[in-house]
Amino acid sequence: MNILVPNLGSTSLKYQLIEMPSERTLARGRLERVGDYCAAIGEIQVDGAAIDAVAFKAVLAGPRYCGTFAIDDALIGALEEYLPASPAHNAIYLTGIRAFRDAMPGVPLVAAFEPEFHRTMPEYAVRYGVPAEWREKYGVRRYGFHGASHEYVSRRAPEILGRGPEGLRLVSCHLGGSSSMCAIRDGRSADTTMGFSPQSGLENATRHGELDAFAVLYMMDRTGWSVEQVRRQLALTGGLAGLSGVPGGDVRDLEKAAAGGNQDAALALEVFAYQVRKTIGAYAAVLGGLDAIAFTGGIGENSARLREACCAGLGFLGVKLDPERNQQGTGDRVVSAGDSRVSVVALATNEELVVARRAYRCLNA
């Protein structure tokens with residue numbers, strides 16, 4: 001079975017065509033400046049291979065959809081219901097799903113939801129201290145996202161270390177334009193930084209991260225801003241962009257600005273590294289100790305400077321980077337020192353492969 005896995009951005013479309021169950025990648029590509037998904041679908045190059053199914057890395061559709069499902073009208077309706085909580089992600093995937101459904105009639109479409117990996121979190125890590133009606137009627141709880149990436153890391157990091165996931169206490173750091181962390185025990189999610197929406201947790205490129213809800217209410221009272229005005233500000237100009245004043249909040253741009261003397265950019269990078277360090281310490285407590293840290297995502301995999309900043313001061317946990325390994329090398333690798341009690345690895349994630357695996361199981365259930 002050949003499964004096409006499109007990774008949809010606001011103006012981009014990355015994709016892999018993966019043969020299952022062999023897990024062989026038959027084709028891959030990236031389309032930029034996408035204005036019309038229907039037109040972009042026609043530009044996907046699969047070298048003559050058949051497309052037997054299309055699988056999407058979906059984000060948020062409430063408590064009923066925390067797994068992998070064949071897409072139907074009810075699932076699309078749930079994505080629409082939770083659109084206000086995940087405006088950027090759900091809007092893109094609603095557009096993409098409809099475009100693929102129109103362009104490929106008869107081809108099965110599957111949604112692999114990001115919270116699936118986090119279903120193993122204990123109830124005390126999932127619940128918010130909100131009125132019961134919020135939870136029971138409206139589905140307000142901690143869902144967790146980047147599940148496909150953290151699931152991949154939960155298997156790949158032990159392989160790099162030459163062991164299985166059993167007994168491994170691992171913190172997965174998916175750091176990029178969108179960032180989150182996950183405490184993983186025995187290959188299963190125990191806690192994660194993102195909560196009800198992908199807005200929460202660590203500061204992202206343009207998304208605000210952790211924020212006192214009453215600060216939002218205060219600003220609305222003072223300014224008369226509408227819900228939509230606030231939503232757009234927090235989603236598009238908050239996070240590292242808001243901290244630094246650097247449009248887009250891309251860490252590469254922040255590092256360049258900081259090197260040129262931009263103090264706000266330097267502070268934004270400090271804030272980011274501090275939040276990662278603090279969370280590693282907290283997750284060591286969640287896991288009852290720490291055996292390994294994995295860095296992935298565009299920043300985690302590629303920025304030696306950020307890895308060093310994120311691990312600084314964690315010697316008390318047994319974390320010790322090897323400066324040369326951290327600065328050099330490519331591919332999946334160990335970057336900790338030989339005498340570090342906690343192993344540190346850098347690796348490339350593969351969310352598309354995890355989505356293909358889930359879709360294959362769903363379609364063959």
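The values are calculated or read from the model by the stated rules, or taken from the named source; none is laboratory data. Just so it is clear, the model here is predicted, and its values are computed rather than measured. Here the Cβ positions follow ideal geometry from the backbone for every residue, glycine too, while neighbour counts run over all protein chains shown.
Of note:
- Conditions (1) touching a residue at least 24 places away in the same chain (Cβ under 8 Å); (2) surrounded by fewer than 21 Cβ atoms within 10 Å (Cβ to Cβ); (3) under 22 Å from the mean Cα position of the chain (by Cα): number failed by ALA312: (3)
- If you filter the range 112-144 down to residues that are within 26 Å of ILE71 (Cα to Cα) and acidic (Asp, Glu), you find that the one that is nearest to the chain's Cα centre (by Cα) is GLU114.
- Of VAL46, VAL110, VAL126, all but one fail to be outside the structural domain of ARG188 (by TED's automatic domain parsing), closer than 30 Å to ALA190 by Cα, among the β-branched types (Val, Ile, Thr) and in contact with a strand residue (DSSP E or B) (Cβ under 7 Å, 6 or more places away or on another chain); the exception is VAL110.
- Pick from the range 59-71, criterion of a type in the set (A, V, I, L, M) and in a loop (DSSP other than H, G, I, E, B), ranking: farthest from ILE92 (Cα to Cα): ILE71
- Any hit, the range 38-58, residues being part of a loop (DSSP other than H, G, I, E, B) and either closer than 30 Å to GLY238 by Cα or within 23 Å of the chain's Cα centre (by Cα) (or both): no
- Search result, residues across the range 267-323 that are assigned to a helix (DSSP H, G or I) and β-branched (Val, Ile, Thr): VAL271, VAL276, THR279, ILE280, VAL286, ILE299
- Test: residue in the range 315-331 that is among the hydroxyl-bearing types (Ser, Thr, Tyr) and surrounded by fewer than 21 Cβ atoms within 10 Å (Cβ to Cβ): yes
- Residue in the range 102-122 that is modelled with pLDDT under 95, assigned to a helix (DSSP H, G or I), surrounded by fewer than 16 Cβ atoms within 10 Å (Cβ to Cβ) and not hydrophobic (A, V, I, L, M, F, W, C) present: yes
- Of the residues making up the range 279-292, none is touching a Cys at 6+ places or on another chain (Cβ under 7 Å) and crowded, with 20+ Cβ neighbours inside 10 Å.
- Unique match (being of a type in the set (Asp, Glu), surrounded by fewer than 17 Cβ atoms within 10 Å (Cβ to Cβ) and in contact (Cβ under 8 Å) with a residue 40 or more places away in the chain) among GLU43, GLU32, GLU23: GLU23
- Some residue of the range 18-29 being more than 19 Å from VAL355 (Cβ to Cβ), of a type in the set (A, V, I, L, M) and out of contact with any helix residue (DSSP H, G or I) (no Cβ under 8 Å at 6 or more places or on another chain): no
- Restricting THR25, THR95 to those that are assigned to a helix (DSSP H, G or I) and polar (S, T, N, Q) reduces the list to THR95.
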